[in-house]
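> Below you'll find the structure I mean.
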Amino acid sequence: MKYQGIIKCLVEVENNTLITRETDFKVFNETYNYDAAVFTPIERKQGTPVSFRCETYDVLGETPEMAEWSLNGRPIERTENIKISRSIDYGIGHSDLIIAIAEAENEGLYTCIISNEQHERIQQLLLQVDVTTNETITNLKVSTDHKTSCIQLEFDLPPSTDLSWAHFTPFFVVVHERNSTESLNSFPLMAKCNKQLHCKMEICQVSGILEEATEYIFRVSMVLSGSGTVITPLSKPAIATTW
């Protein structure tokens with residue numbers, strides 16, 4: 001219990017200015033019932049990004065590498081949609097769990113456990129995903145135009161899509177290197193679609209998004225109705241190597 005209380009971190013920046021960061025640090029005894037704890041749910045719409053942060057403190061002998069994440073009691077592994085990044089800022093470490101596009105399977109209780117020889121700390125967050133549709137983009141195909149240094153994507157829209165809507169709605173492309181989800185990235189693009197609800201879009205070298213001669217995995221979702229209230233789950237993946 002000796003570490004309990006307000007932890008202050010004083011940081012000196014330019015012009016000899018001091019910045020104070022405070023954290024209310026609580027220590028529970030072994031009889032604390034974590035299962036009975038009440039959590040304020042974090043709500044996200046399907047198709048939107050989500051990130052959680054777990055902080056570590058040098059003063060407690062902690063590093064970001066000590067933080068371990070789990071979902072509903074099971075360790076979280078990096079996937080096509082999830083990555084974990086670590087950083088240190090003025091003695092405070094960060095373990096960031098990043099979900100590129102939230103889907104129903106991402107819903108549940110997230111636990112970050114930080115432990116060393118002296119103590120163990122637990123941070124928990126409850127994520128609820130508002131699933132608005134089960135319709136998805138289908139038949140995704142990805143090819144490379146080496147002359148123009150562009151990746152070209154083709155796919156079919158969900159049957160209920162209004163063609164006039166498809167011309168100006170944003171599409172979300174989730175991409176990462178085939179052998180590393182550390183490169184996980186997501187970004188919006190526009191597409192050109194025909195009356196058969198078949199669409200095309202491209203990502204070119206000038207965008208700076210993709211590296212040369214690298215194999216990537218692509219998945220796509222879209223806003224299906226006005227005000228961004230309905231977003232489709234991600235499509236099945238497709239693989240291509242850049243120019």
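Rule-based calculations on the coordinates, nothing more; no lab input. Bear in mind that the values here come from a model prediction, so they are computed numbers and not experimental data. Backbone-built Cβ (ideal geometry, glycine too); neighbour counts: all protein chains shown.
> Given Cα pairs under 8 Å that are at least 6 residues apart, what percent is the relative contact order of the chain? Intermediate values should be presented prior to the final figure.
On the way: 531 pairs, mean separation 43.7, N = 243.
For the chain, the relative contact order is 18 percent.
> I've got another one for you. Between Lys45 and residues 5 or more places away or on another chain, which pairs have amide H atoms under 5 Å apart, with H built 1.01 Å from N, and which residues are they?
Residues meeting the amide H criterion: Asp130.
> On to the next question. Order the peptides 72-82, 123-133 from the highest to the lowest mean number of other Cβ atoms within 10 Å of their residues.
Values: 72-82: 13.5, 123-133: 16.4.
Packing proxy ranking, top to bottom: 123-133, 72-82.
> Quick check on the exposure proxy: order Val206, Val175 from fewest to most C-beta atoms within 10 angstrom.
Numbers: Val206 9, Val175 23.
Going from least to most buried by this count: Val206, Val175.
> I need the trypsin sites (Lys or Arg not before Pro) found in segment 109-159, filtered to DSSP loop residues with at most 15 other beta carbons within 10 Å of theirs.
Numbers: sites: Arg121, Lys141, Lys147; in loops: Lys147.
In loop regions of segment 109-159 (DSSP not H, G, I, E or B), the sparsely surrounded trypsin sites (Lys or Arg not before Pro) are Lys147.
> Can you list residues whose amide H is under 5 Å from Ser183's amide H, if they're 5+ apart or on another chain and H is modeled 1.01 Å from N?
Glu177
> Here are labelled values, (i) 20.6; (ii) 18.6; (iii) 22.6, and one is the computed Kirkwood radius over Cα pairs in Å for what I pasted. Which one?
(i)
> For segment 127-207, which chymotrypsin sites (Phe, Trp or Tyr not before Pro) are both in a DSSP coil and crowded by at most 14 other Cβ atoms within 10 Å?
Numbers: sites: Phe155, Trp165, Phe168, Phe171, Phe172; in loops: Phe168.
Here the sparse-neighbourhood loop sites are Phe168.
> Can you list the cysteines of the chain that have no other Cys Cβ under 4.7 Å away?
That list is Cys9.
> Moving to a separate point now. Can you give the helix-only mean residue ellipticity at 222 nm for the chain, where every DSSP H stretch with n ≥ 4 adds -39500 (n - 2.57) and the sum goes over all residues, rounded to the nearest 500 deg cm²/dmol? Don't skip to the answer; put the middle values down first.
On the way: 1 runs with 4 residues, N = 243.
Taken over the chain, the calculation gives 0 deg cm²/dmol.
> Chymotrypsin sites (Phe, Trp or Tyr not before Pro), restricted to segment 35-108: which are DSSP loop and have at most 11 other Cβ atoms within 10 Å?
Working: sites: Phe39, Phe52, Tyr57, Trp69, Tyr90; in loops: Phe39, Tyr90.
In loop regions of segment 35-108 (DSSP not H, G, I, E or B), the sparsely surrounded chymotrypsin sites (Phe, Trp or Tyr not before Pro) are Phe39.
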